[in-house]
Structure formats: structure tokens, C-alpha cells
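The structure under discussion is supplied below as C-alpha cells; questions concerning it will follow.
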Amino acid sequence: MSSADKNLSVFTTDGLPDITHKKFVIVVAEWNSDVTEALFQGAYKTLVDHGAQTQNILRANVPGSFELSFGSQVYAQKADVDAVIAIGCVIQGETKHNDYINHAVAHGLTDVALKYNKPVIFGVLTPNTLQQALDRAGGIHGNKGDEAAITAIKMLSLQ
Ligand SMILES: Nc1c(NC[C@H](O)[C@H](O)[C@H](O)CO)[nH]c(=O)[nH]c1=O
Ligand SMILES: CC(=O)[C@@H](O)COP(=O)(O)O
């Protein structure tokens, strides 16, 4: 199912856990910052709208999406962090560079989550064009940041 068929900002909220005292870290890649800032704002607002306290939402910046795995690990290893949300946008270029980044980040974030036994969310857009990115960062298909935040909240209900 593509984002065209399921809006990224439309989701069920039944049975969400109480996140009043949960601590979140949002790691944001600086590449394509117009897009990643919109994704961050969506994630931040979604966390607050569903009960997170602003003082319990930290932000960390990394240069690019390839650095999201290490940046997420820095915070996932901290005992007082309950979930990490990784935000990025990797736009296809002329070469296969985007493929290598995307696969590395997907595997890297998964490894961090399993190593530290806590949610590490893949809030990374991997579009073919800038317009596809904008459509998924608060445009016609919603905001991937919203989806990443609600995913983090839902995963906390497993613990
Ligand atoms: N082209 C994009 C990049 N490239 C940079 C890499 O993520 C990385 O910082 C570099 O290879 C050094 O390790 N990053 C994005 O997030 N988005 C892109 O479109
Ligand atoms: C995903 C990227 O790093 C991308 O911007 C690189 O572009 P190109 O493949 O044209 O070098």
C-alpha cells in the first residue's frame, strides 16, 4: 500500500499508552533540511498532542541520514531514554548513493533497537524526487513525522 492510498497522518489512537513520563529523542538529519524540519515538527507535535511533556522530548542533529544510526545509538544506550525517532530524507540522485544510504540506515536503526531493546523508529523518507518528499512532509500524503511519532508511542505499549 502506498502513501497515496494511506495518509501518513491518519492513524488509530485506540489503546495508546500513557506517555506522560516517557522520554523521547528525535535525531534529525540536516540534509534536505526544509523537509526534515517539517518531519521533525510533525513528530514533535504528535508526541505533545498525545501526552508527552515538552521537557521530555530532546532533539539531536546529525549531518546526513547515514549518520542517523550512530546518532540514534548515542541516545538509545541511555537508560532514561524510552524511544528514539530518526528523521531523514534521502532523495535519489544520479548514482546509487541513495540506495547505499537507505539500506545502511534501515539496517543500522534496526540493529540499534534490538541491541538496546527499545523502539528506534525509521522516520526516513526515501523519495525519487523533492516533490515526493514534500508530499510526505506535510503535503497531500500527510507527514511521515506524525507517523513516526505515533509508531514510537504504540511500540511503548509493548513494554
Ligand atoms: N544525499 C543525501 C545524503 N547524503 C549524505 C549522507 O547521508 C552522509 O551524510 C554522507 O555520505 C557522509 O557520511 N544524506 C541525506 O540525508 N539525504 C540525501 O539526499
Ligand atoms: C543520496 C545522495 O547522497 C545524493 O544526493 C547523491 O547524489 P548523486 O547520486 O547524484 O551523487
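The values are calculated or read from the model by the stated rules, or taken from the named source; none is laboratory data. Predicted model only: the values in this text are computed from it and were never measured. Cβ coordinates were reconstructed from backbone atoms using ideal geometry, including for glycine residues, and neighbour counts include every protein chain displayed. These area figures cover heavy atoms from the full protein model, side chains too; ligands, DNA and RNA do not enter into them. Shrake-Rupley method; radii C 1.70, N 1.55, O 1.52, S 1.80 Å.
Can you tell which of Lys78, Lys23, Lys118 shows the greatest fluctuation in a Gaussian network model of the chain with Cα springs below 10 Å?
Residue with maximal mean-square fluctuation among Lys78, Lys23, Lys118: Lys78.
What number, in percent, do you get for the relative contact order of region 16-73 if the mean sequence gap of Cα pairs under 8 Å and at least 6 apart is divided by its residue count?
Values: 65 pairs, mean separation 29.6, N = 58.
It comes to 51 percent, rounded to a whole number.
Counting pairs of alpha carbon atoms under 8 Å apart in space and at least six apart in sequence, what relative contact order in percent does region 40-156 give? Please list the in-between numbers first.
Details: 166 pairs, mean separation 38.9, N = 117.
Relative CO of region 40-156 lands at 33 percent.
Not counting ligands, DNA or RNA, and with a 1.4 Å probe, what is Phe70's accessible surface area in Å² rounded to the nearest 10?
140
Let me ask something additional. Connecting C-alpha atoms closer than 10 Å in a GNM of the chain, tell me which of Thr12, Thr36, Thr95 has the biggest fluctuation.
So, out of Thr12, Thr36, Thr95, the one fluctuating most is Thr95.
Right, another one. Springs between alpha-carbon atoms under 10 Å, Gaussian network over the chain: tell me which of Gly71, Gly93, Gly138 tops the mean-square fluctuations.
Gly93
Right, another one. Using a 1.4 angstrom probe on heavy atoms only, work out the carbon and sulfur share of the accessible area of the chain in %. Working shown, then result.
On the way: 4350 of 8250 Å².
That fraction is 53 percent.
Could I ask something else about it? Under a crude label model (7 Å from the Cα following the beta-carbon direction), how far is Ala79 from Leu130 in nanometres?
So the label points at Ala79 and Leu130 sit 4.7 nm apart.
For the chain, what does the helix formula give at 222 nm: sum of -39500 (n - 2.57) over DSSP H segments with n ≥ 4, over the residue count, nearest 500 deg cm²/dmol?
On the way: 5 runs with 65 residues, N = 159.
Taking each H run of at least 4 residues, the total per residue is -13000 deg cm²/dmol.
Quick check: pseudo-label points 7 Å beyond the Cα along Cα→Cβ at Val48 and Ser157, how many nm apart are they?
Between Val48 and Ser157, the label points sit 2.4 nm apart.
Another question about this same structure. By what distance, in whole Å, do the Cα atoms of region 1-83 stretch along each of the three principal axes, largest value first?
34, 34, 20
Apply the Karplus curve 6.51 cos²θ - 1.76 cosθ + 1.60, θ = phi - 60°, to the phi angles in region 10-22 and return the couplings in whole Hz, x for Gly and Pro.
10, 8, 6, 10, 5, x, 5, x, 6, 10, 3, 10, 8
Compute the helix-to-body angle for 144-156: its Cα long axis versus the longest principal axis of the chain, expressed 0 to 90° and rounded to tens.
For 144-156 against the chain, the angle is about 30 degrees.
Convert each backbone phi in region 137-143 into a coupling constant with the Karplus relation 6.51 cos²θ - 1.76 cosθ + 1.60 (shift: θ = phi - 60°), then list the ³J(HN,Hα) values in order as whole Hz, x for Gly and Pro.
Values, residue by residue: 10, x, x, 5, 9, x, 10 Hz.
Could you report region 40-156's accessible area per residue, 1.4 Å probe, as an integer in Å²? Each step should come with its number before you reach the end.
Working: 5660 Å² over 117 residues.
Per-residue value: 48 Å².
Non-local amide H neighbours of Leu125 (under 5 Å, H modeled in plane, Pro and chain starts lacking H): which ones?
Under 5 Å from the amide H of Leu125: Gly88, Cys89, Val90.
Using the Karplus curve 6.51 cos²θ - 1.76 cosθ + 1.60 with θ = phi - 60°, work out ³J(HN,Hα) for each residue of region 108-114 in order, rounded to whole Hz, and write x for Gly and Pro.
x, 5, 4, 4, 5, 4, 5
Once amide H atoms are built 1.01 Å from N in the peptide plane, which residues 5 or more positions from Asn7, or in another chain, come under 5 Å H to H?
Close amide H contacts, sequence-distant or interchain: none at all.
Of Lys45/Lys154; Lys6/Lys154; Lys45/Lys115; Lys45/Lys118; Lys118/Lys144; Lys6/Lys96, which pairs sit farther than 25 Å apart, going by alpha carbon to alpha carbon?
Distance filter (> 25 Å) returns Lys45/Lys115; Lys6/Lys96.
Taking amide H positions as placed in the peptide plane 1.01 Å from N, state which residues far from Val27 in sequence (5 or more) or on other chains have amide H under 5 Å from it.
Amide H neighbours of Val27, under 5 Å, 5+ apart: Ala60, Ile85, Ala86, Ile87.
Continuing with the same structure: Taking the DSSP beta bridges in the chain as the whole, what percent of them are antiparallel, to the nearest 5? Before the final figure, lay out the partial values.
On the way: 2 of 19 bridges.
Percent antiparallel among DSSP bridges in the chain is about 10.
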